[in-house]
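Below: one structure, written as structure tokens.
The values are calculated or read from the model by the stated rules, or taken from the named source; none is laboratory data. A quick note: this is a predicted structure, and the numbers were derived from the prediction, not measured. Every residue, glycine among them, receives a Cβ derived from its backbone with ideal geometry; neighbour counts consider all protein chains shown. SASA here: full protein model, heavy atoms, side chains in, ligands and nucleic acids out. Shrake-Rupley method; radii C 1.70, N 1.55, O 1.52, S 1.80 Å.
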Amino acid sequence: AAHPGWSHTNLFTPHNKRKSGFFQDMYDRGQAWASQHIAQSAEAGAMPLLAAATWPDLPGGSYLGPRGIAEIRGKPKVVDSNKLSKDRSLAANLWAVSEKLTSVSWENSRHA
């Protein structure tokens with residue numbers, strides 16, 4: 001798995017402005033400025049994802065992200081995932097719900 005850090009994309013662009021007014025406008029402008037000047041490019045943000053898919057000998061279960069401060073930007077490296085991502089009970093529940101919602105089970109897919 002991998003995360004892109006903070007990448008300058010339209011993900012944070014307010015497409016459907018629910019709020020308007022001075023403070024919301026200032027927040028939106030600040031967010032846009034920070035995204036342009038602090039975040040890395042979308043191309044650089046894709047690098048950890050590409051690295052996770054192509055690095056030879058990368059151990060299973062590895063998690064990649066940018067190597068910079070707070071994993072916001074930088075070249076890919078193996079990073080630590082959060083505590084929730086390591087919760088086996090939560091993972092098993094997510095798997096069961098996914099199988100139910102998709103009507104596809106691991107056992108059925110192995111024999112297809």
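Taking a ≥ b ≥ c as the square roots of the eigenvalues of the Cα gyration tensor, segment 51-93 is classed as oblate, since a/c reaches at least 1.5 and a/b does not exceed b/c. With a simple spin-label model that places each label point 7 Å from the Cα along the Cα-to-Cβ direction, the separation between residue 42 and residue 24 comes to 2.5 nm.
Of the residues 61, 94, 27, the one whose Cα sits farthest toward the positive end of the charge dipole of the chain, with +1 on the Cβ of Lys and Arg and -1 on the Cβ of Asp and Glu, is 27. Computed on segment 25-68, the Cα convex hull volume stands at 90 Å³ per residue.
The charge dipole of the chain, taken about its Cα centre with unit charges on the Cβ of Lys, Arg, Asp and Glu (plus for the first two, minus for the last two), comes to roughly 220 debye. Reported to two decimal places, what Rg/Rh ratio describes the chain when computed on Cα atoms with Rh from the Kirkwood expression? When Rh is taken as the Kirkwood radius, the ratio is 1.10.
GNM remark for the chain: springs join alpha carbons under 10 Å apart, and the peak mean-square fluctuation among 99, 43, 71 falls on 99. Accessible area per residue for segment 1-99, computed on protein heavy atoms with a 1.4 Å probe, is 77 Å².
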